[in-house]
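The values are calculated or read from the model by the stated rules, or taken from the named source; none is laboratory data. All values reported here derive from a predicted model rather than from experimental measurement. Glycine also receives a Cβ, built like all others from the backbone with ideal geometry; neighbour counts cover every protein chain displayed.
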Amino acid sequence: MGGSGDIDRNIFRFVIRFSVKETALVCLLVAAAQAFYYVTLDLPKNIMNQGIQGHGIKFPKEILGWFSVDQIGYLLWLCLLFFLAVLVNGAVKQYINSLKGKLGERLLRRLRYSLVERILRFPIPHFRKVSSGELIPMVTSEVEQIGGFMGDAFVQPLMQAGMLLTIALFLFMQNPVMGFAAISLFPFQAYIVPMLQKRVKALGKERVRAVRKVSERIGETVGGIHEVRTNGTASWERADYTERFGTIFRIRFDIYQRKSLVKFINNFLSQCAPLLFYSIGGYLVIQGQLSLGALVAALSAHKDMTAPWKELLDYYQQAQDAQQKYEQVVEQFRPEQMLPEALHELPADPAPGLAGDIALAGLSVAEDAQTKLLESVSLTIPHGAKVALVGAAGGGREALAMTLARLYLPSSGTLRVGEQDLTRLPDAHLGASMGYVGPGAYHFSTSVRDNLAYGLRQRPVSASEKHNAARTRWLAEAARAGNLPLDIEDNWIDYSRAGVANAEQFDGIAARVLERVDLAEDVFLFGLRGRVDPRAKPAVAEAILAARAAFRERLAGPQADAALKGLIESFDPTRYNDNATLAENLLFGTPIDPAFEVDVLAEQPDFLAVLQKQGMADELIAMGRQVAETMVELFAGLPAGHEFFDRFSFIAADDLPTFQAIVARTAPDESGKLPAISDEDRARLIGLPLKLVNARHRLGLITPDFKGRVLQTRAAIHDAFGKGPAAGKIAFFDPESYNAAAAIQDNILFGRVAYGQAKAQAIVGKAMREVLDTLGLRERVFEVGLDFQVGVGGSRLTPAQRQKLALARALVKRPEILVLNDALAVLDSSTQVKTLDGALSAAGSATVVAALADAALAAKFDRVVVLADGRVAQDGRYGELIEQDGPLKELLAH
Amino acid sequence: MSIKEETDALKRIPLFSKLDPAKLKLLAFMSQRLSYEPGQAIFAQGDAGDAAYIVLDGEAAVLIDTNAGPTEIARTGKHEIVGEIAILCEVPRTATVRAAGDNPLVCLKIEKDDFMALVNEFPSMGLEIMRELARRIVKTNAQLRNAMAAKTA
């Protein structure tokens, strides 16, 4: 579906293949437009000769047989005709332009789609040879330049050549000699330009290669930044870029010079042409062989002629350029042994399943012509068996696991599951029934929940309620550009594959599976740190408030928990919280508007205005000076970049001198009055104490008097930002309402864990959990945890969490075959055992094949296959094989 | 209590007494002030040693495991340091330390890594500590001599 078979290597073939009808239509329109165009050329002559000079006309003149005009009237009539011809000609041109625009954009869309579609079908080993740094610019920017050309590919030369021919025809009609004069220089240009262009073409190829290499190197620099830093090779890297940019500079300048030479020759020759008109035309007029009107019309026609001619030459350059870019892009998307297109076709539902014995017969897998990963492996794995693949790395265990998951296609031999040839099973069917977890599992930049459900997205299961006529047209346009016309907005998650009916039930199954792979606790913690929108989930917010109340009972009620005494300082509108920052104490809430975040709060004008009004600004400046002085005193002796700056200092190493200067120039005079302070200095100084946590930093700056003034200012801030136009920037701490800007745990605590109380975090965490369990809120928090965004590639998860989540993703779709390929190697050994046990029990009756780096884990499987040098070295029950002197015993001995 | 008082407390500890006050202030600033309820353990015998503690207020009991159960061998009070051996060399805790007495124990926790980073940055600090340790050895040697003399006598 949406595929285009092999991709044409020639841009013109690509264009014509997908735009025959449009191109034919444009041809017709171009031809029609020429008639009107001819009129716009011919009429000026008549206006000159007949309208103005009145040659050969008797007035009053009859027009169209029903009214007659004098000479002025006739002139106006001709002008009207001219105007109409211009109008029609322009309208047709405009229509052609819009047509070709659509054509071009569609073709670009098609090209991009086919490239991405091909990336999806690249053979897995090919991904080791290409970097995303190369592929990305090809699909994004490089084709962009080709796209503009594709609309023009046939239309532009047709249109311009049509105009040129019309003009030439007109000139010949006036006078053959003039016509000849007008076109006399074209053959010369047509000969010399391609000659010059040839070298430009070669240079263009070089340029693309050089730029591509640079983008690959940038990718390497980013990926290898740790190596670059720790090896101190920045200079080496920079020298490399110097060299590469130098090459690009040379090529580009060379191209520029050659192109400007072509331009110069063209312009020069075009400007020479009028010379011929003046001399030959003038001679003919003097001789009386040509009317002056004809000469003027010819001159203006020739002037018109330079435009299409220039366009044609430009087109020629662009065509060369586009073809070459196209070729260079397309070449990168034609690797050997791509996954057959048929495997991506969406097959009929339901999937036939993989509930059969896996049978490999004489199976070989070659990475390329030289390297064989597997050599004639024959194995039968009965359905439901639990098989471990062990052996030295590179000996074939990984390759076999990957082949079973069809990440590698066999180069010879057969691979069947039951009656089905696994190599021919459509992707959607395979994905629905097979779970695979590799060593470095990838996660998409979305929530934990969506990543878990990723394996249930083979096809849209039902249309979205929002589907409407506009959406249908939208998809019809997609089909016209050869894109897959399936609606991403439809419901794609097939919950029935997970054994549940809908999204709500899915969270329950997700909890059970995550429990099995030892990830449930982590997701629960994500939930505690997560936020809930009380408008979207009022029930959850309500429940969290209940938990806050229950927690408060444990802190202060009649049955207060002694263990919690003094561990939490609750938010109290009437008290200063020593365990919160000064900023939090002032705002007494959580910022919603990023301008109120503590790092930038001191720059917020409305906030500063309140401080000023409350008379606190000067006090905070003085405090800022003291903090700055202390920081300078404490950290001045340390070298910049020392870890202490990051961990302890309020001021970055680079800013220490700046603050030193600020402190010096803001020193009060003898009378204790502060000098005039610039807004910038003021913001920087006030910014420092805002981060102070009294209990933690113990600088002795926050005195009881000061606290009193903070409380007054707090009230003023509440008045200023609590209502009116400034409302909604801060979520104020209110004991009775849910704070949407704060995490769930902060909403329950409604305070800060006290600094300086031993093991406070752990004790408080435990108490909070007990409260949640008592109220039956664990599931609600867990659901919020499922909303946790994992980051690009799962970057916000630890490697162990990534592997566990991948395992859960494979299990949640209840596969009939589960393939694990060193999936748990990053976990520590006790977690590995625990997670493997959980996975095996969750897999139930499914066939499990696990390639294991640690051969000892094979004890948990029914059967062990030892692979060495791409062949089966030993195969049998674990208990039996360890008794024999053989490869498994050797493996375990290491 | 503010960082100034903690700096003063650090100054009273022989191990740190000769150090530059600015460095002591940094050490105090980087350290965590912790409070333990009576009976709560600061660390247990056999744990990995990751920090030293300076008692700012209250009392701590030092206990070692014997066949007859934990036995208190010493008590430390205000301005004394416990667990300092652990931040100088890699040995497990040789004793258990608990908050004792009726009042909470308040101490300053100095993380081993922070302390080491500080010594790395300011070698003069290391030198002072070396001197202090050498003095201790002299003292211990003298005690040993006296003990041997007492035994042979």
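Here are the numbers:
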item: Any hit, segment A:614-634, residues being buried (at least 18 other Cβ atoms within 10 Å of the Cβ), within 14 Å of another protein chain (Cβ to nearest Cβ), in a loop (DSSP other than H, G, I, E, B) and in contact with a Leu (Cβ under 9 Å, 6 or more places away or on another chain); result: no
item: Single unsatisfied condition, A:Asn468 versus (1) within 28 Å of A:Ala405 (Cα to Cα); (2) among the polar types (S, T, N, Q); (3) surrounded by fewer than 17 Cβ atoms within 10 Å (Cβ to Cβ); result: (1)
item: Residues satisfying the stated conditions in segment A:474-528, i.e. aromatic (Phe, Trp, Tyr), under 26 Å from the mean Cα position of the chain (by Cα) and farther than 27 Å from A:Pro350 by Cα; result: A:Trp474, A:Phe526
item: In segment A:694-707, residue farthest from A:Ala622 (Cα to Cα) [restricted to those that are more than 12 Å from chain B (Cβ to nearest Cβ) and in contact (Cβ under 8 Å) with a residue 60 or more places away in the chain]; result: A:Lys707
item: Meets criteria (surrounded by fewer than 17 Cβ atoms within 10 Å (Cβ to Cβ) and either at positive phi or small (Gly, Ala, Ser) (or both)) for A:Leu64; result: yes
item: Those residues of segment B:1-19 which are more than 9 Å from chain A (Cβ to nearest Cβ) and not in a helix (DSSP H, G or I), in sequence order; result: B:Arg12, B:Ile13, B:Lys18, B:Leu19
item: Residue in segment B:36-52 that is aliphatic (A, V, I, L, M), in a helix (DSSP H, G or I), more than 9 Å from chain A (Cβ to nearest Cβ) and crowded, with 16+ Cβ neighbours inside 10 Å present; result: no
item: Condition met for B:Arg75 (touching a strand residue (DSSP E or B) at 6+ places or on another chain (Cβ under 6 Å), away from chain A (no Cβ under 14 Å), part of a strand (DSSP E or B) and of a type in the set (Lys, Arg)); result: yes
item: Of all residues making up segment A:319-354, the number that are in the same structural domain as A:Leu111 (by TED's automatic domain parsing) and among the small types (Gly, Ala, Ser); result: 2
item: Unique residue being modelled with pLDDT of 85 or more and over 55 Å from the mean Cα position of the chain (by Cα) when the list is A:Gln323, A:Gln287, A:Gln332; result: A:Gln287
item: First in segment A:755-775 and within 14 Å of chain B (Cβ to nearest Cβ), second anywhere and in a helix (DSSP H, G or I) and of a type outside the set (Phe, Trp, Tyr), Cβ under 6 Å, 6 or more apart; result: A:Tyr755/A:Ala695; A:Tyr755/A:Arg696; A:Ile763/A:Ala563
item: A:Arg128 vs. criteria of a type outside the set (Phe, Trp, Tyr), within 21 Å of A:Arg212 (Cβ to Cβ) and out of contact with any helix residue (DSSP H, G or I) (no Cβ under 8 Å at 6 or more places or on another chain); result: yes
item: Meets criteria (surrounded by fewer than 18 Cβ atoms within 10 Å (Cβ to Cβ), in a helix (DSSP H, G or I) and within 14 Å of chain B (Cβ to nearest Cβ)) for A:Ala715; result: no
item: Within segment A:425-466, tally of residues that are assigned to a loop (DSSP other than H, G, I, E, B), modelled with pLDDT of 90 or more, of a type in the set (Lys, Arg) and farther than 28 Å from A:Pro410 by Cβ; result: 0
item: Residue that is farthest from the other protein chains (Cβ to nearest Cβ) [pool: residues in segment B:103-120 that are out of contact with any Ser or Thr (no Cβ under 8 Å at 6 or more places or on another chain) and surrounded by fewer than 16 Cβ atoms within 10 Å (Cβ to Cβ)]; result: B:Asn103
item: Subset of segment A:635-667 [away from chain B (no Cβ under 14 Å) and assigned to a helix (DSSP H, G or I)]; result: A:Asp654, A:Asp655, A:Pro657, A:Thr658, A:Phe659, A:Gln660, A:Ala661, A:Ile662, A:Val663, A:Ala664, A:Arg665
item: Selected residue [over 30 Å from A:Ala843 (Cα atoms) and either in contact with a Lys or Arg (Cβ under 7 Å, 6 or more places away or on another chain) or not in a helix (DSSP H, G or I) (or both)] from A:Gln317, A:Gln323, A:Gln337; result: A:Gln337
item: Count - residues of segment A:845-857 that are surrounded by fewer than 22 Cβ atoms within 10 Å (Cβ to Cβ) and not charged (D, E, K, R); result: 4
item: Residues of segment B:89-102 that turn out to be surrounded by 13 or more Cβ atoms within 10 Å (Cβ to Cβ) and closer than 27 Å to A:Arg698 by Cα, as a count; result: 5
item: Pairs with Cβ under 6 Å, 6+ apart, first in segment A:123-144 and assigned by TED's automatic domain parsing to the domain that holds A:Arg207, second among the β-branched types (Val, Ile, Thr); result: A:Met138/A:Val329; A:Glu142/A:Val329
item: A:Ala210 in the same structural domain as A:Leu269 (by TED's automatic domain parsing), under 27 Å from A:Arg17 (Cα atoms) and touching a residue at least 12 places away in the same chain (Cβ under 8 Å); result: no
item: Matching residues, segment A:858-881, being crowded, with 18+ Cβ neighbours inside 10 Å, not aromatic (Phe, Trp, Tyr) and not in a strand (DSSP E or B); result: A:Ala858, A:Gly870, A:Leu881
item: Test for A:Phe170: is it in contact (Cβ under 8 Å) with a residue 40 or more places away in the chain and either among the small types (Gly, Ala, Ser) or farther than 30 Å from A:Gly219 by Cβ (or both); result: yes
item: Of all residues making up segment A:244-258, the number that are farther than 10 Å from A:Ala210 by Cβ and either of a type in the set (Asp, Glu) or surrounded by 16 or more Cβ atoms within 10 Å (Cβ to Cβ) (or both); result: 3
item: Any hit, segment A:293-310, residues being aliphatic (A, V, I, L, M), more than 30 Å from A:Tyr37 (Cα to Cα), within 43 Å of the chain's Cα centre (by Cα) and surrounded by fewer than 19 Cβ atoms within 10 Å (Cβ to Cβ); result: no
item: Some residue of segment A:218-230 being in contact (Cβ under 8 Å) with a residue 40 or more places away in the chain, surrounded by 14 or more Cβ atoms within 10 Å (Cβ to Cβ) and of a type in the set (S, T, N, Q); result: no
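Every residue, every condition in (1) within 14 Å of chain B (Cβ to nearest Cβ); (2) surrounded by 13 or more Cβ atoms within 10 Å (Cβ to Cβ); (3) over 30 Å from A:Gly844 (Cβ atoms); (4) charged (D, E, K, R), yes or no:
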| residue | (1), (2), (3), (4) |
| --- | --- |
| A:Gly722 | no, yes, yes, no |
| A:Pro725 | no, no, yes, no |
| A:Phe750 | no, yes, yes, no |
| A:Glu783 | no, yes, no, yes |
